[in-house]
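> My questions will all concern the structure given below.
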Amino acid sequence: MLLVLAMPSAASANRFRPIYVGFGGGLYADLECCEMHGRVQGEFGWHFGGDDTGFMMAIEVSATLGPQYWMFMGGLRLGGDIEVHGDRHFGILLRPSGLFGVAARDFNGAPHPFGYLVLQPAFDIRFAVAERVVVFWLRPVAFDILFQWDRPGPDPWHASAAYQAMAGIDFQF
């Protein structure tokens with residue numbers, strides 16, 4: 001009898017998908033210099049609560065490419081998925097999150113890549129479909145705050161920012 005009570009119901013069993021993997025892309029606008037660049041990113045994450053809502057943690061990597069430079073970034077994203085509407089088939093979620101990571105950026109003609117510490121506050125709107133296995137997401141608000149520690153010249157520290165607008169897809173399992 002206790003075993004039956006401890007087993008999840010059919011509705012909650014359909015939502016037991018704590019792990020996800022996804023990718024996305026979009027535009028990257030450096031607020032200090034340069035033309036519009038493109039960004040692609042991949043993410044592997046998990047929800048600590050066992051379903052697709054609540055506190056999450058993910059490992060993220062991204063590449064930014066364009067006419068003036070390339071940048072590779074990796075970091076840890078922490079956030080939470082807040083369900084606005086949902087059932088076992090479909091859900092609308094809001095995800096505030098933040099990323100802490102490191103990046104290397106190489107300008108065309110520069111003698112070497114430059115290193116950065118990166119902070120990225122972001123906000124996603126997520127649409128879970130197909131029994132909540134597939135999630136389409138939009139990231140209308142995300143800023144990279146870049147702290148450069150090896151800038152040439154008398155002051156090696158420098159801070160800059162960039163805006164990004166992205167969209168992507170996650171698969172939950």
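> What's the carbon and sulfur percent of region 8-121's accessible surface, probe 1.4 angstrom, rounded to a whole number? List each step's numbers first, then the result.
On the way: 3920 of 5340 Å².
Ligands and nucleic acids excluded, carbon and sulfur give 73 percent.
> Could I ask something else about it? Considering Cα pairs under 8 angstrom that are at least six residues apart, work out the relative contact order of the chain and quote it in whole percent.
Details: 474 pairs, mean separation 36.4, N = 173.
About 21 percent, as a whole number.
> What whole-number value in Å² describes the accessible area per residue of region 46-126 for a 1.4 Å probe?
Using a 1.4 Å probe on heavy atoms only, each residue of region 46-126 averages 44 Å².
> Next question. If you count only protein heavy atoms and use a 1.4 Å probe, how large is the accessible surface of TRP157, to the nearest 10 Å²?
140
> For a quick protection proxy, order the peptides 50-61, 103-114 by their average other-Cβ count within 10 Å, most packed first.
Details: 50-61: 17.0, 103-114: 13.7.
Going by the mean number of other Cβ atoms within 10 Å, highest first, we get 50-61, 103-114.
> Ok, one more. What is the set of long-range amide H partners of GLY49 at a cut-off below 5 Å, with H atoms built 1.01 Å from backbone N?
PHE55
> Using only alpha carbon pairs under 8 Å that are at least six residues apart, calculate the relative contact order of region 29-97 and give it in whole percent. Kindly include the intermediate steps, with their values, before the conclusion.
Working: 127 pairs, mean separation 16.9, N = 69.
Averaging sequence separation for qualifying contacts and normalising by length gives 24 percent for region 29-97.
> Which ³J(HN,Hα) values, rounded to whole Hz and listed in residue order, are derived for region 109-114 from phi using the Karplus coefficients 6.51, -1.76 and 1.60 in 6.51 cos²θ - 1.76 cosθ + 1.60 with θ = phi - 60°, glycine and proline given as x?
With coefficients 6.51, -1.76 and 1.60, one gets x, 6, x, 6, x, 9 Hz.
> Still on this structure, please answer the following. Restricting to DSSP H runs of at least four residues, report the calculated mean residue ellipticity at 222 nm for the chain, -39500 (n - 2.57) per run over all residues, nearest 500 deg cm²/dmol. Before the final figure, lay out the partial values.
On the way: 2 runs with 10 residues, N = 173.
After summing the helix terms and dividing by residue count, I get -1000 deg cm²/dmol.
> If we sort 34-44, 82-92 on the protection proxy, mean other Cβ atoms within 10 Å, highest first, what's the order?
Working: 34-44: 15.5, 82-92: 13.4.
With the highest mean Cβ count within 10 Å placed first, the list reads 34-44, 82-92.
The values are calculated or read from the model by the stated rules, or taken from the named source; none is laboratory data. Quick caveat: nothing in here was measured; it's all calculated off a predicted structure. Glycine also receives a Cβ, built like all others from the backbone with ideal geometry; neighbour counts cover every protein chain displayed. Just so you know, the surface numbers come from the protein's heavy atoms only, side chains and all, with ligands and any DNA or RNA stripped out. Shrake-Rupley method; radii C 1.70, N 1.55, O 1.52, S 1.80 Å.
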